[in-house]
1. Starting from segment 114-126, keep only residues that are in contact (Cβ under 8 Å) with a residue 40 or more places away in the chain, then list their pairs with residues that are not β-branched (Val, Ile, Thr) whose Cβ atoms are within a distance under 6 Å, requiring at least 6 positions of separation or different chains.
2. Which ones in segment 84-109 are closer than 12 Å to Leu39 by Cα, at pLDDT 95 or above and part of a loop (DSSP other than H, G, I, E, B)?
3. Taking segment 180-225 as the search range and keeping residues that are within 23 Å of Cys152 (Cβ to Cβ) and hydroxyl-bearing (Ser, Thr, Tyr), which one is surrounded by the most Cβ atoms within 10 Å (Cβ to Cβ)?
4. Return the total of residues in segment 205-234 being more than 25 Å from Glu102 (Cα to Cα), hydrophobic (A, V, I, L, M, F, W, C) and in a loop (DSSP other than H, G, I, E, B).
5. Test of understanding: among Ile220, Ile161, Ile234, which residue is at pLDDT below 95 and within 27 Å of Glu23 (Cβ to Cβ)?
6. Can you tell me which residue among Tyr14, Tyr108, Tyr88 is surrounded by fewer than 16 Cβ atoms within 10 Å (Cβ to Cβ) and touching a helix residue (DSSP H, G or I) at 6+ places or on another chain (Cβ under 8 Å)?
7. I need the full set of residues from segment 17-28 which are β-branched (Val, Ile, Thr) and surrounded by fewer than 23 Cβ atoms within 10 Å (Cβ to Cβ), in order please.
8. Restricting to segment 157-179, and then to whatever is among the small types (Gly, Ala, Ser) and surrounded by 17 or more Cβ atoms within 10 Å (Cβ to Cβ), can you tell me which residue is nearest to Glu102 (Cα to Cα)?
Amino acid sequence: MTKNIAHRGFSARYPENTMLAFEQAIKAGCDGIELDVHLTKDGQIAIIHDETVDRTTNGTGVVAQMTLEQLRRLDAGQGGRIPTLDEYFDLVANTNILSNIELKNSIYRYPGMEEVVIEKVRERGLCERVVISSFNHFSILDCKAMAPEIRCGFLTGCWLIDFGGYAKRYGVECVHPDFYSLTEAAIDEIHGKGVAVNTYTVNDPEDMRRLASFGVAGMITDDPALLSEVLANI
């Protein structure tokens, strides 16, 4: 059964990557939540998508150059604050929610971020309910070396050639391609290598039905309520 994974929480209706968006995604019936993490100047894991705070808050500045205290002063939408990974884990710890943690380390390379995230996952006993993904595939290989028990995913936005073979070769369990690049043949190749497909960002009912028929493991969507309805009627 295809999993319903809320992209940055219920971002179609609520401020992305906020506790409100995560709470509402769970209420909407999602199976999982995709969230983005950066490392702050003082070594904390903050949940925010961009390298700067400019688009999603009322502030300006580069996340890597700001402390958690500075980030927490900002309004991330509807009075919410930029959450930490610890706060998010408090929310999902006693649920069955799958957490797809995307490491935002492709533009800024955060030394030690992999270790900090993995330590927090292990401390909470969430290894079986977490997938770590990144567009930085070297970072994913570091995660697999440090924590072979935690599933990982290679993110990509390009068209796919032997993507399943590529992931299999490096011992990575999942691939996370843009849904535009997916054909039934591409998915069959990936599945043939024993690799799961979690695709993003699927917001149209027709695309949802098509990808579900191809047997993708998960769809990452801005609207988990819509995807829940579509999947219930397949």
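1. So the pair list comes out as Lys120/Leu85.
2. Lys104, Asn105
3. Top of the filtered list is Thr221.
4. Summing the residues that are more than 25 Å from Glu102 (Cα to Cα), hydrophobic (A, V, I, L, M, F, W, C) and in a loop (DSSP other than H, G, I, E, B) in segment 205-234 gives 1.
5. Values: Ile220 fails: at pLDDT below 95; Ile161 fails: within 27 Å of Glu23 (Cβ to Cβ).
From the options Ile220, Ile161, Ile234, the qualifying one is Ile234.
6. Values: Tyr14 fails: surrounded by fewer than 16 Cβ atoms within 10 Å (Cβ to Cβ); Tyr88 fails: surrounded by fewer than 16 Cβ atoms within 10 Å (Cβ to Cβ).
That would be Tyr108, the only listed residue that is surrounded by fewer than 16 Cβ atoms within 10 Å (Cβ to Cβ) and touching a helix residue (DSSP H, G or I) at 6+ places or on another chain (Cβ under 8 Å).
7. Across segment 17-28, the qualifying residue is only Ile26.
8. Here is the first cut: in segment 157-179, the residues among the small types (Gly, Ala, Ser) are 157, 164-165, 167, 171.
Imposing the further condition that a residue be surrounded by 17 or more Cβ atoms within 10 Å (Cβ to Cβ) reduces the set to 164, 167.
Numbers: Gly164: 20, Ala167: 17 Å.
Residue satisfying both the conditions and the ranking: Ala167.
The values are calculated or read from the model by the stated rules, or taken from the named source; none is laboratory data. Note that the structure is predicted; figures quoted are calculated from it, not measured. Note: ideal-geometry Cβ built from the backbone for every residue, glycine included; neighbour counts use all protein chains shown.
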